[in-house]
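Report on the following structure.
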């Protein structure tokens, strides 16, 4: 206790300088980026089916925003396996799942038992046919074989919610087949974005409401998408978001270095 507040840490509790929407931000951001990708391609999230891996904060709030936008979520997973609910994970079911994972610390198999659907032990959900895919569990969870299965099943777009959840081969395969692919450095930027917004609120000594933080997050994800399109546009083919994100990041650092006179 030093009688001062620096606000240098993020993800703090609301009682000591934390921000609303921080917990949901990474999952929300992945969906916002997907929404921007589809709209740029003349499509939308509404009416699409989605496979989501994981059942932590990223996955749970990714599912919630997908439901809000009118998509049908078919899967969730943890380290023991995944559940496939062909009827869709509704808002009521998602609330139950959030309670299972955040309060009761249960296993995903309990969802299958509760809602009478299939549990696949020791497997990942990428074999399930869907329009959209959101790997939100862990690094290197989606392998080349999984990417091949998704492409064969007609997936339209993939957004990485976790940190580098797709192997290098698995990122290239969808793009080679004109599937929209949002790399983690762009699609899961929502979490660190709201961490930045949290620090801004700390420095201003104010707390923004949920709607204001959420709107700022949407704006940040939209701007990231614009930059990816700028540097990833390809004549007659879908945007190369992987190259676009890499180049946009490089240009941002290079411009800052030049402004400082480093190069």
Q) In the Gaussian network model of the chain, springs joining C-alpha atoms below 10 Å, which of 176, 44, 24 carries the largest mean-square fluctuation? A) 176
**Q.** Euclidean distance between Cα centres, the stretch 215-257 to the stretch 87-107, Å
**A.** 35 Å
Q | C-alpha center-to-center spacing [the stretch 1-63, the stretch 174-204] in angstrom | A | 9 Å
Q.
Counting just the Cα atoms, what span does the stretch 74-174 cover along each of its three principal axes? Round to the nearest Å and put the largest first.
A. 38, 25, 22
Q. Counting pairs of alpha carbon atoms under 8 Å apart in space and at least six apart in sequence, what relative contact order in percent does the chain give?
A. 21 percent
Q. On full extension of the chain, what length is gained from residue 68 through residue 98, given 0.36 nm per residue of separation minus the C-alpha to C-alpha distance?
A. 9.2 nm
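Take 258, 221 and order them by how many other Cβ atoms sit within 10 Å, fewest up front. Provide the component values of the computation, followed by the final result.
Numbers: 258 10, 221 25.
So the residues, fewest neighbours to most, are 258, 221.
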Q) Which value in nm describes the separation of the simple spin-label points at residue 3 and residue 115, placed 7 Å from the Cα toward the beta carbon? A) 5.4 nm
Q. Residue 206 versus residue 91, label points 7 Å from Cα toward the beta carbon: distance in nm?
A. 3.0 nm
Q) In whole Å, what three semi-axes, largest first, describe the equivalent ellipsoid of the stretch 143-237 built from its Cα gyration tensor (square root of 5 times each eigenvalue)? A) 32, 15, 11
Q. Once all Cα-Cα distances of the stretch 195-263 are split into 10 Å bins that start at 0, what whole-number percent is in each one?
A. 18, 30, 32, 18, 2
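Do the sum for the chain: with -39,500 (n - 2.57) for every DSSP H run of n ≥ 4, divided by all residues, what is the mean residue ellipticity at 222 nm, to the nearest 500 deg cm²/dmol?
Using -39500 (n - 2.57) per qualifying helix, the result is -15000 deg cm²/dmol.
Report for the chain the percent antiparallel among DSSP-assigned beta bridges with both residues inside it, nearest 5. Write out the running numbers ahead of the final one.
Numbers: 9 of 20 bridges.
Taking every DSSP beta bridge within the chain, about 45 percent pair in antiparallel fashion.
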Q.
Starting from the 7 Å offset along Cα-to-Cβ, what nm value, one decimal, do you get for the label separation of residue 256 and residue 169?
A. 3.5 nm
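Ranked by Cβ crowding within 10 angstrom, fewest neighbours first, how are 160, 92 ordered? Let's see the in-between values first.
Details: 160 24, 92 9.
Listed from fewest to most nearby Cβ atoms, that is 92, 160.
A short reminder: the numbers here are calculations on the coordinates, not readings from a lab. Note that this is a predicted model, so its numbers are computed, not measured. With ideal geometry, Cβ positions are generated from the backbone for all residues, glycine too; neighbour counts draw on all protein chains shown.
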